[in-house]
Ligand SMILES: [Zn+2]
Ligand SMILES: [Zn+2]
């Protein structure tokens, strides 16, 4: 392949992967190569431009020819499927897309960077939709209620737990660009109306710690995308 591969727009960059010879890994966005309806497990067809975008697919790519680079790309790509819910697009070399064919770019960038911190040996079990919360002193549970909507619950019924439910809901609003559900501070929804359980499981820790996550993001932006990922930890 020549150097003029049309990879599309680079959405995110892991500039020096500590798990693979400091190679750089890019996540690229392309127009979806198939009709949205042919994606497996498709749950809902959003109206055209549901989130102001055309249907998209993504590709993990490296220009590196280092030993292990191809395996590393395959690992990150597979993890985006298993842990974030990006499915393989039939008939393409390695492209993946969400079942809704939306970009969900902010959430996906975060998922990609977090996945790049994992070594190829880490198990790829998808994250549960519940997680211990220190400040709530109980489990926080993300409950899918259908049509892309989720309710944030807590095991305990204390004021602290209620505050944390709200904080996690707000965390998801920011991190995943979800929208609030009117009259309910504990509910959030995806505009596309599709379920994104894996993505929300992967990012639950981030939603619980949204302030430090946003600080990391701002620091990364101010350093520029070429900053070393070791500084992002
Ligand atoms: Zn979606
Ligand atoms: Zn969407």
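Quick one: which of 211, 163, 215 is over 18 Å from the mean Cα position of the chain (by Cα), part of a helix (DSSP H, G or I) and exposed (fewer than 15 other Cβ atoms within 10 Å of the Cβ)?
Details: 211 fails: over 18 Å from the mean Cα position of the chain (by Cα); 215 fails: over 18 Å from the mean Cα position of the chain (by Cα).
Only one candidate qualifies: 163.
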Subset of the stretch 126-145 [surrounded by fewer than 13 Cβ atoms within 10 Å (Cβ to Cβ) and either farther than 23 Å from residue 82 by Cβ or without any contact (Cβ under 8 Å) to a residue 40 or more places away in the chain (or both)]
132, 134, 135, 145
Going by what's in this entry, would residue 81 be described as away from ligand 2 (no atom under 16 Å from the Cβ), touching a strand residue (DSSP E or B) at 6+ places or on another chain (Cβ under 9 Å) and at positive phi?
no
Apart from one, (1) away from ligand 1 (no atom under 16 Å from the Cβ); (2) over 21 Å from residue 15 (Cα atoms); (3) modelled with pLDDT under 95 all hold for residue 51; the odd one out is (1)
Subset of the stretch 87-111, residues within 16 Å of ligand 1 (Cβ to nearest atom) and either within 12 Å of residue 11 (Cβ to Cβ) or exposed (fewer than 15 other Cβ atoms within 10 Å of the Cβ) (or both), comes to 103, 104, 105, 106, 107, 108, 109, 110, 111
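Across the stretch 166-191, what is the number of residues that are part of a loop (DSSP other than H, G, I, E, B) and either without any contact (Cβ under 8 Å) to a residue 60 or more places away in the chain or away from ligand 1 (no atom under 16 Å from the Cβ) (or both)? Give the steps one after another, and end with the answer.
Keep residues of the stretch 166-191 that are part of a loop (DSSP other than H, G, I, E, B), which gives 176-178, 182-183, 190-191.
Among the residues that remain, those that are also either without any contact (Cβ under 8 Å) to a residue 60 or more places away in the chain or away from ligand 1 (no atom under 16 Å from the Cβ) (or both) are: 178, 182-183.
The total comes to 3.
The values are calculated or read from the model by the stated rules, or taken from the named source; none is laboratory data. In this text the structure is predicted, and so the values were computed from the model without any measurement. Note that we place each Cβ from the backbone using ideal geometry, even for glycine, and neighbour counts take in every protein chain shown.
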